[in-house]
Every structure is written in structure tokens, then in C-alpha cells.
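What follows is calculated from the coordinates using simple rules that are stated; it is not laboratory data. These figures come from a predicted structure and were not determined experimentally. So basically every Cβ, Gly included, is an ideal-geometry build from the backbone, and we count neighbours across all protein chains shown.
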Amino acid sequence: GTAFVVRFEDGAQLAAERLLVATGRRPRVNDLGLEKVDIEPDPHGIPVDGRMRAGDGVWAIGDVTGIWPLTYVGKYQGRIAAANILGESREADYRAVPRVVFTHPQAAAVGAPEGPITATISLSQVPKTATYLRAWDEHPGFLTVISDGEVLTGAYGLGPEAGEWMQQATVAIRGRVPLAVLNDTIQPFPTFSEAFHFALAELTTRLPAQAR
């Protein structure tokens, strides 16, 4: 039966069995004493530079920066801030931020969501042995890779443990690994990582002749 009823300002009502709250999050910047150190937060949070510096002798990391409200991005920013506090000159790079939705199967993405050259393959194209079938085959999946013609710039996919096998795309994007090197990489069998072999092969057919 109905478990939730949403009442709108005009008096209308909407009844449903489930309620999904997806209104986003706001950085908590109140009552931090920021005015005492001459820091003015904006609607997104505390502005920081590439070194996570918010002001003279002040650094900010995590959700409060409003950059990427993800736990692991906050940890990364902490390492950047610590390095600079200790005298190293290091800037944050967000070109390859992985995102995972822990549904069943998982959805994962990293890098740019679109680009000039893309290729998509179905996980059904990835060879498997009898020991790697059964439950894995209950949910179809796919992998899409995105490129500027020289390196991988983005990737996203859906499939069992996608958050795990998508990480090689994270390294490739962050390191700007040439497509030729990625195509020359050995993928283990039987694993879902082999999806990259087939996706990159398909991507190569779509590259300009001089870039192959």
C-alpha cells in the first residue's frame, strides 16, 4: 500500500510506496569562525585554490569545498593539503575522479562523460568459462570508452563489480596513457577487465587513419 504522501504548495498530493530523496547536499560552513580569518564562503562552500588553500595559513578539504562530495576525494584533498603544508608544491587534479553507484549490478564512471570518439561493447562479448558464469550472467552490462584520439578521456559502464574493473580507466586517464599502450596491455582471462580489450579495439576502428 501507500507508505509516503508528498504534499505540494498548491495543495496537490502524490502518493507512492517508496520515497527517493535526491535533493543534493550543502556544505556546512556556518559557525566555523571563517569571518575571523577573512574567508567568505560562496553558495558551493569554501573556495580553495589547487593546493587546497582557502587563505593565509588556512586549508580546506572534503565536502566543505563543494568540489566533489565524495569520501575518497576528501581523502585525496587531505593528501594534497598535507603535502603543501609540509612544503611540497602539489596541486589537485580532478580529471580522473571515479564514481560508483553500488546498485546491483554496479554502475561506474570516470573522467569525461562524453567526447569526440566513443565506443561501446556489451559484457556479453567478453569470453567467460563455466566457472565464471551463473549469477554473473543474470544482469547484462556494457562498457563505453571515450577518447580525444590520443588518450582515454572517460569511461563508464554497468556490470558486476564495475567499480573494481573501471579503475584501470582511472589510471589510464590520470596518467594520459597513449591508446597504443592501452591496446598493447594484456588483460587476464577470465575477468571482466577483458572488456577493455574489446572496447579499445572497437574504439581504434573509429579513430582517424593517421591516429591508429
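Couple of notes before you dig in:
- Potential lengthening of the chain between residue 86 and residue 191 amounts to 33.6 nm, from the contour at 0.36 nm per residue minus the alpha-carbon distance.
- Relative to the longest principal axis of the Cα atoms of the chain, the long axis of helix 194-205 makes an angle of roughly 80 degrees.
- The alpha-carbon positions of the stretch 64-179 define a convex hull whose volume is 132 Å³ per residue.
- Put simply, the amide H of residue 148, placed in the peptide plane, has neighbours under 5 Å in 153, leaving out anything fewer than 5 places away on its chain.
- Distance (nanometres) between label positions extended 7 Å along Cα→Cβ at residue 23 and residue 164: 3.8 nm
- A Gaussian network model of the chain, with springs between Cα atoms under 10 Å, assigns the largest mean-square fluctuation among 111, 141, 50 to 50.
- Using a Förster distance of 30 Å, the FRET efficiency for residue 206-residue 103 (Cβ separation, nearest 0.05): 0.55
- Computed from Cα positions, the angle between helix 71-85 and the longest principal axis of the chain comes to roughly 70 degrees.
- In the stretch 1-87, taking the dipole from charged Cβ atoms about the Cα centre, the farthest positive-side position among 24, 44, 78 is held by 78.
- If R0 equals 45 Å, the separation of the Cβ atoms of residue 122 and residue 12 corresponds to a calculated FRET efficiency of about 0.60.
- Fully extending the segment from residue 184 to residue 93, taken as 0.36 nm per residue of separation minus the present Cα-Cα distance, adds 30.1 nm.
- Two-decimal log10 I(q)/I(0) for the chain, as the Debye equation yields it once each C-alpha is a single scatterer, q = 0.09, 0.12 Å⁻¹: -0.53, -0.83
- Among 155, 60, 169, the largest mean-square fluctuation in a Gaussian network model of the chain (Cα springs under 10 Å) belongs to 60.
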